[in-house]
Amino acid sequence: MTHAHPTKLAEPAAARPRAGAAAPVLLAQEPAVRWAAAAGGAPPAVSAGAIEFMGGRRLFKQLPQSRAEIHGALVKGLPYAVLVHIVDHLSALSADQIADALGISGRTLRRQKEQPDKPMPADLASKTWLFAETLAQASAVFGGRDAAERWMARPAMGLDGARPIDLLRTLQGAELVTEFLGRLEHGVYN
């Protein structure tokens, strides 16, 4: 199978600016894609897989429709029940591994199980969202939740031998993991 290199694609003559003409103005717009599915292969604005990992409709009275709505929910503070749900529904990753990846102690996580309605601080809610989003992406790449969890817990050659779950402790490490998953999804292994 051959793939065309994007810089080698011919540009239609109508799309080329005429000599002396001003360059077209491009407006950045958030896609009007709903969380459940994306039409035409475009990525969804909100990860349905992440929402599922976090408890789905039990968490959100109205499902978020954009990244801006997710941001608002994170700033407002997701309840600790979200994190408890994630921990309780994963089998290959321990509660302590998850807590460590999110930057909290296992003891804090256990204590918050007693107060599931208490809102998380925005930074922890954001890390929890990122964790769920990464697990959803890995599940899509590896064909299921169990395979994604096993991959997260093992050293990955494409991540210089680091375990993906350990890289999730920082935003930069999380970017490495999601970029690597994107490469795997598109068949680029190095």
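Total residues in segment 98-119 satisfying the condition of being crowded, with 17+ Cβ neighbours inside 10 Å and in a helix (DSSP H, G or I): the figure is 7.
One line per residue, one yes/no per condition, for (1) more than 27 Å from ALA81 (Cα to Cα); (2) among the charged types (D, E, K, R); (3) modelled with pLDDT under 95:
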| residue | (1), (2), (3) |
| --- | --- |
| TRP129 | no, no, yes |
| ALA153 | no, no, no |
| LEU176 | yes, no, no |
| TYR189 | yes, no, yes |
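For segment 56-72, filtered to residues that are free of Cβ contacts under 8 Å to residues at least 40 places away in the same chain and in a helix (DSSP H, G or I), the residue that is surrounded by the most Cβ atoms within 10 Å (Cβ to Cβ) is GLU69. Within segment 95-123, the residues that satisfy the criterion of being within 21 Å of the chain's Cα centre (by Cα) and either within 10 Å of VAL84 (Cβ to Cβ) or charged (D, E, K, R) (or both) are ALA95, ASP96, ASP100, ASP123.
Is it true that some residue in segment 156-163 is of a type outside the set (Phe, Trp, Tyr), open to solvent by less than 40 Å² (accessible area, probe 1.4 Å), in contact with a helix residue (DSSP H, G or I) (Cβ under 9 Å, 6 or more places away or on another chain) and farther than 18 Å from GLU185 by Cα? Checking segment 156-163: at least one residue is of a type outside the set (Phe, Trp, Tyr), open to solvent by less than 40 Å² (accessible area, probe 1.4 Å), in contact with a helix residue (DSSP H, G or I) (Cβ under 9 Å, 6 or more places away or on another chain) and farther than 18 Å from GLU185 by Cα. How about segment 120-138: which of its residues are more than 15 Å from GLU52 (Cα to Cα) and open to solvent by less than 70 Å² (accessible area, probe 1.4 Å)? Hits for segment 120-138 are MET120, PRO121, ALA122, LEU124, ALA125, SER126. If the condition is being open to solvent by less than 20 Å² (accessible area, probe 1.4 Å), part of a helix (DSSP H, G or I) and either touching a residue at least 40 places away in the same chain (Cβ under 8 Å) or more than 15 Å from ALA132 (Cα to Cα) (or both), then segment 75-97 contributes TYR80, VAL82, LEU83, ILE86.
Suppose the filter is farther than 28 Å from VAL75 by Cα and in contact (Cβ under 8 Å) with a residue 24 or more places away in the chain; does GLU133 pass it? Considered against the rule, which asks whether it is farther than 28 Å from VAL75 by Cα and in contact (Cβ under 8 Å) with a residue 24 or more places away in the chain, GLU133 comes out as no.
The values are calculated or read from the model by the stated rules, or taken from the named source; none is laboratory data. Just so it is clear, the structure is predicted and the values come from calculations on it, not from any experiment. Because the Cβ atoms are built from the backbone with ideal geometry, glycine has one as well, and the counts that use them run over all protein chains shown. Keep in mind that these areas ignore ligands, DNA and RNA; they rest on the heavy atoms of the full protein, side chains included. Shrake-Rupley method; radii C 1.70, N 1.55, O 1.52, S 1.80 Å.
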